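The values are calculated or read from the model by the stated rules, or taken from the named source; none is laboratory data. Note that the coordinates shown come from a computational prediction; the quantities given were computed from them, not determined experimentally. All Cβ positions, glycine included, derive from the backbone under ideal geometry; neighbour counts span all protein chains shown. Quick note on the areas: whole protein, heavy atoms, side chains included, nothing else; ligands and nucleic acids left out. Shrake-Rupley method; radii C 1.70, N 1.55, O 1.52, S 1.80 Å.
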Amino acid sequence: MKALCWEGVDKLAVERVPDPRIQNAHDMIVKVRYTASCGSDLHLLGGYIPAMEAGDVIGHEFMGEVVETGPDVTKHQVGDRVVVVSFIGCGTCWYCDNDLWSLCDNTNTNPGIGQGLWGYEPGGIFGYSHAMGGFMGSHAEYVRVPFADHGAFTVPEQIDDLSAVFASDGVPTGWMGAHLGGVQAGDTVAVWGAGGVGQMAARAATLLGAEQVIVIDRLPERLAMTAQHVGAETLDYSRTDVGAELRERTGGRGPDVCIEAVGQEAHTHGPEYLYDKVKQQLRLENDRPIAIREAIMSCRKGGSVFSLGVFAGLVDKFPLGALMNKGLTLRGAQQHGQRYLPMLLDRIANGEITTSHLATHVMSLDDGPRGYDMFKNKKDGCVRAVFQP
Amino acid sequence: MSKVVDAATTVPRWAVKALRGLTGATDQRPDRADGPGRWLVVTVYRKAEDVRTQVDDSGPLSRMRGEIELTVRPAPGDKGTELAARPTTSDDGQVDARRRLRAALRETKSILECGEVVEPSRPGSSHPGPAGQLLRAVTARAWGEGRL
Ligand SMILES: [Zn+2]
Ligand SMILES: [Zn+2]
């Protein structure tokens, strides 16, 4: 089959690779209809995530049609139209049972790598290196879905394919940030990053009862999209002092909940950016934590900060003093999509959450390398490049 | 070996230490070579009876029964059952024996919790190259490594 493969730092190519097959009894094979680029893929591309091999198929946000089921799959049948959560959860370990699906104990096939890096390994994810399980990704004609009864969800009729694809990753990730970030009725919520995940986090905050939601970015087209489709206030950080602006917009209090949806390739103006960029390139620091620093500094006393952007390792100049002295709660996670998908698909179906506007560039999988170039460099207003194998 | 690891472009320096641990030079302090090896413990989200039955009847631990001792006790907070194993004789600081035991414990947990051990995608890559070959050496051992 055809697949988009990682070939080395900043190198992608469409190749022919062996078709996936049922390897475990709980597996099924999905014929991919849409598969989306995600901000966290950029960390893979840049070589900041360890344990990639040339020829690894990337991609983890996808939907499609079931074409084969393993003997222990009971929920799905051939022909089902499904969206699949990016993280793979077994459904039966303590973590899955406690709705912490991305921390599944049984789906990372290379636990020693994750434990070496982080103390304990997270669960497996599609197309995201051998440190995250070694599962081939979704930028391909077919993908093997382990523990399909738990990770795949039938798409309601009212939802079209292109709207459904973002229920795989962007929607649940954003929802989780607002939910586990502790958004309550009446809160003011600030979100760093107006990409797909940031927009979905902002929408989730509103649906969870926040009275004021402010999304911070620098790209005018993303800010306009956020205002139009998400209904949030926007703030262009290239034109103002974010901390000061947030303070004044919140009556001098600061946001109750700050959600960081940017990750390790954060961008800003000024010397701090250069400092982090140089350190990152020298591999002295592998993550650029600009947005998370700003979130911690801007958050109200006793507030909560949630990190959704993907970080891989070490950061420095981390404002631990602000965290401690302001009594903040800091939390982060990879998405626990299985926990939220039935509810989120209902909300997409009834129009409470709209997603298809994120697919600014839909193209053939053959155009994968070009799509990633557009996505990475935000060319032509690209928010997400979505591929049709 | 460390030179090769440093040269691999897919492996940032901060990750090298972590990966080096998997290439034999583990950063864990070696056990005393004269006594039995350290207990390796895994928590299985199942009842103690189920765990006991599994290790007695079938699976990788039952096949190692002659070389190891086992204990089974409930984990606090309804987290399941702690299954501990250690070699009955000294492993002379050999990491292979410990790796084999870790792998057997993990497999036992996985079989008890979800009925099978999930496999990584095979074949894993179309053309791994030199850095990929190194990574394959690491991933070949990663199941038997870690803190367990
Ligand atoms: Zn993603
Ligand atoms: Zn699990």
Handout entry: R0 of 51 Å, Cβ-Cβ distance A:Ala224-B:Ala75: FRET efficiency to nearest 0.05
Key = 0.45
Exercise for the section: Please give the per residue volume of the convex hull enclosing the alpha carbon atoms of region A:295-363, rounded to a whole number of Å³. Expected result: 180
Handout entry: Potential lengthening between A:Glu141 and A:Glu211 on full extension [0.36 nm per residue; Cα-Cα distance subtracted]
Key = 20.9 nm
Problem - Helix-only CD estimate at 222 nm, as mean residue ellipticity for the protein assembly as shown, using -39500 (n - 2.57) per DSSP H run (n ≥ 4) - result: -9000 deg cm²/dmol
Exercise for the section: With θ set to phi - 60°, apply the Karplus curve 6.51 cos²θ - 1.76 cosθ + 1.60 along region A:247-262 and write out the HN-Hα couplings as whole Hz, x wherever there is a Gly or Pro. Expected result: 4, 6, 5, 10, x, x, 8, x, x, 6, 10, 10, 10, 9, 10, 10
Fill in the blank from the handout: chain A, Gaussian network, Cα under 10 Å: of A:Arg249, A:Arg218, A:Arg203, the residue fluctuating most is A:Arg249
Handout entry: Charge dipole of chain A about the Cα centre (unit charges at C-beta), most positive-ward option of A:Ile290, A:Ala25, A:Gly196
Key = A:Ile290
Practice task
Taking the Cα centre of the protein assembly as shown as origin, work out the dipole magnitude from +1 charges on Lys and Arg Cβ and -1 charges on Asp and Glu Cβ, in debye rounded to 20.
Solution key: 1280
Completion exercise
Given B:130-138, B:77-85, the highest-first ranking by average Cβ count within 10 Å works out to B:130-138, B:77-85
Handout entry: Shielding by partners, peptide A:5-11 (average Cβ within 10 angstrom, other chains)
Key = 2
Practice task
Within 10 Å of each Cβ in peptide A:102-108, how many partner chain Cβ atoms are there on average? Round it to a whole number, please.
Solution key: 4
Fill in the blank from the handout: Shape call for region A:30-136, from the Cα gyration tensor axes a ≥ b ≥ c (a/c under 1.5 means rounded, otherwise prolate when a/b beats b/c, else oblate), comes out oblate
Problem - Whether region B:78-131 is rounded, prolate or oblate, judged on the alpha carbon gyration tensor where a/c under 1.5 counts as rounded - result: oblate
Practice task
Could you point to the residue in B:Ala97, B:Ile68, B:Val42 farthest towards the positive end of region B:40-111's charge dipole, with +1 and -1 charges on the Cβ of Lys/Arg and Asp/Glu respectively?
Solution key: B:Val42
Handout entry: Calculated P(r) of region B:48-121 - Cα pairs past 19 Å, %
Key = 36
Handout entry: Average Cα contact separation per residue, chain A, under 8 Å, 6 or more apart, as relative contact order %
Key = 17
Problem - Translational diffusion coefficient (Stokes-Einstein; Kirkwood radius from C-alpha pairs) of region A:10-79 at 25 °C, 0.890 mPa s, in µm²/s - result: 173
Exercise for the section: Please turn the phi angles of region B:49-66 into ³J(HN,Hα) values with the Karplus equation 6.51 cos²θ - 1.76 cosθ + 1.60 (θ = phi - 60°), one per residue in order, whole Hz, x for glycine and proline. Expected result: 4, 4, 5, 4, 4, 4, 6, 7, 8, 7, x, x, 6, 5, 6, 9, 3, x
Exercise for the section: Grab the alpha carbons of the protein assembly as shown, take their convex hull, and tell me the volume per residue in Å³. Expected result: 145
Exercise for the section: Could you compute the FRET efficiency for B:Arg52 and A:Asp316, with r as their C-beta to C-beta distance and R0 at 60 Å, rounded to 0.05? Expected result: 0.80
Fill in the blank from the handout: Measure of exposure for A:Ile259: accessible area at 1.4 Å probe, Å² rounded to 10, is 0
Practice task
Scan around A:Ile259 for amide H atoms under 5 Å from its own, H built in the peptide plane at 1.01 Å from N, and keep only partners 5 or more places away or cross-chain.
Solution key: A:Ala190, A:Val191, A:Trp192, A:Phe306
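Ignoring any ligand, DNA or RNA, what whole percent of the accessible area of the protein assembly as shown comes from carbon and sulfur when the probe is 1.4 angstrom?
Carbon and sulfur atoms account for 49 percent of the accessible area of the protein assembly as shown.
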Practice task
Taking only Cα atoms and a 10 Å spring cutoff, compute GNM fluctuations for chain A and point out the largest among A:Gly303, A:Gly186, A:Gly371.
Solution key: A:Gly186
Practice task
For region A:1-56, give the magnitude of the charge dipole about the Cα centre (Cβ charges: +1 Lys/Arg, -1 Asp/Glu; no others), in debye to the nearest 20.
Solution key: 280
Handout entry: Shielding score for B:106-113, defined as the mean number of other chain Cβ atoms within 10 Å
Key = 3
Fill in the blank from the handout: Shape call for region A:83-136, from the Cα gyration tensor axes a ≥ b ≥ c (a/c under 1.5 means rounded, otherwise prolate when a/b beats b/c, else oblate), comes out oblate
Fill in the blank from the handout: Sorted by chain and then number, the residues having a modelled amide H within less than 5 Å of the amide H of B:Arg46, at least 5 places away or on another chain, are B:Thr81
Problem - Estimated vicinal HN-Hα couplings, Hz - region A:5-20 in sequence order (Karplus 6.51, -1.76, 1.60; Gly, Pro = x) - result: 10, 7, 10, x, 4, 6, 10, 10, 8, 8, 9, 9, 10, x, 4, x
Fill in the blank from the handout: Given backbone amide H placed at 1.01 Å from N, residues whose amide H is under 5 Å from that of B:Ile68, ignoring those fewer than 5 places away on the same chain, are B:Thr88
Completion exercise
Candidates A:Glu260, A:Glu68, A:Glu157; GNM for chain A (alpha-carbon contacts under 10 Å) flags as most fluctuating A:Glu157
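Could you tell me the relative contact order of region A:157-237? Use alpha-carbon pairs under 8 Å, at least six residues apart, and round to a whole percent. Don't skip to the answer; put the middle values down first.
Numbers: 143 pairs, mean separation 21.2, N = 81.
Rounded, it is 26 percent for region A:157-237.
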Fill in the blank from the handout: Percent of all Cα-Cα pairs per 5 Å bin for region A:349-389, counting from 0 up to the last occupied bin, reads 6, 26, 27, 17, 11, 8, 5
Handout entry: Selected from A:Met136, A:Ala210, A:Gly89, residue furthest toward positive end of dipole (chain A; charges at beta carbon)
Key = A:Ala210
Handout entry: Stretchable slack from A:Arg247 to A:Glu68, in nm (0.36 nm times residue separation minus alpha-carbon distance)
Key = 59.0 nm
